[in-house]
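The values are calculated or read from the model by the stated rules, or taken from the named source; none is laboratory data. Treat the numbers as computed from the prediction; the structure is a model and nothing was measured. Methodologically, a virtual Cβ is constructed for each residue, glycine included, from the backbone with ideal geometry; neighbour enumeration extends over all protein chains shown. Calculation scope for accessible area: heavy atoms of the full protein, side chains included, ligands and nucleic acids excluded. Shrake-Rupley method; radii C 1.70, N 1.55, O 1.52, S 1.80 Å.
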Amino acid sequence: IISTSQSGRSPVFIGDDVMIAHRSLIIGGNHKHSRIDIPMNNQGEGIQGAIIIESDVWIGAGCIMLTGVTIGEGSIICFGSIVTKDILKYSLAVGKPSKVINKRKNKIISS
């Protein structure tokens, strides 16, 4: 599921060769909720920001990407992770919230 804000202030950009597994959510936008005298759905938009998924990213099953994050090129987001902050290029991230646990390295294979 890919969801953006009504105002368009939380666009979603997906690069080339991105793999997104089933049951993943890409959720742009948010609701204001500071007042208790009016319903939240009448308070307008809260925090906004683009979600950028750069090229050659693999997003595992059941992951969630929240507003305002960038997932760097060549990164892997392990299944079930919730991305709340930027992930640098070629990172392996896991958890709720996600944390980088390793970096992908180039291995030269000789025959």
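For this structure, a couple of remarks:
- Residues of the range 34-65 that turn out to be polar (S, T, N, Q), modelled with pLDDT of 95 or more and in contact with a Ser or Thr (Cβ under 6 Å, 6 or more places away or on another chain), as a count: 0
- Which listed residue, of A61, A21, is of a type outside the set (S, T, N, Q), in contact with a His (Cβ under 7 Å, 6 or more places away or on another chain) and closer than 23 Å to R104 by Cα: A61
- Each residue in the range 22-42 was checked for being surrounded by 15 or more Cβ atoms within 10 Å (Cβ to Cβ) and either in contact with a helix residue (DSSP H, G or I) (Cβ under 9 Å, 6 or more places away or on another chain) or more than 16 Å from P11 (Cα to Cα) (or both), and 1 pass.
- If you check I71, I1 for being under 10 Å from the mean Cα position of the chain (by Cα), under 22 Å from K96 (Cα atoms) and free of Cβ contacts under 8 Å to residues at least 60 places away in the same chain, only one passes: I71.
- In the range 66-86, the residues that are modelled with pLDDT of 95 or more and open to solvent by 10 Å² or more (accessible area, probe 1.4 Å): T70, E73, I76, C78, F79, G80, I82, T84, K85, D86
- Tally, over the range 66-92, of residues that are out of contact with any Asp or Glu (no Cβ under 8 Å at 6 or more places or on another chain) and among the charged types (D, E, K, R): 2
- Qualifying residues in the range 43-65 (those that are part of a strand (DSSP E or B) and open to solvent by 20 Å² or more (accessible area, probe 1.4 Å)) - the one nearest to L88 (Cα to Cα): I52
- The residue that is farthest from C78 (Cα to Cα), counting only those in the range 4-59 that are under 16 Å from the mean Cα position of the chain (by Cα) and among the hydroxyl-bearing types (S, T, Y), is S5.
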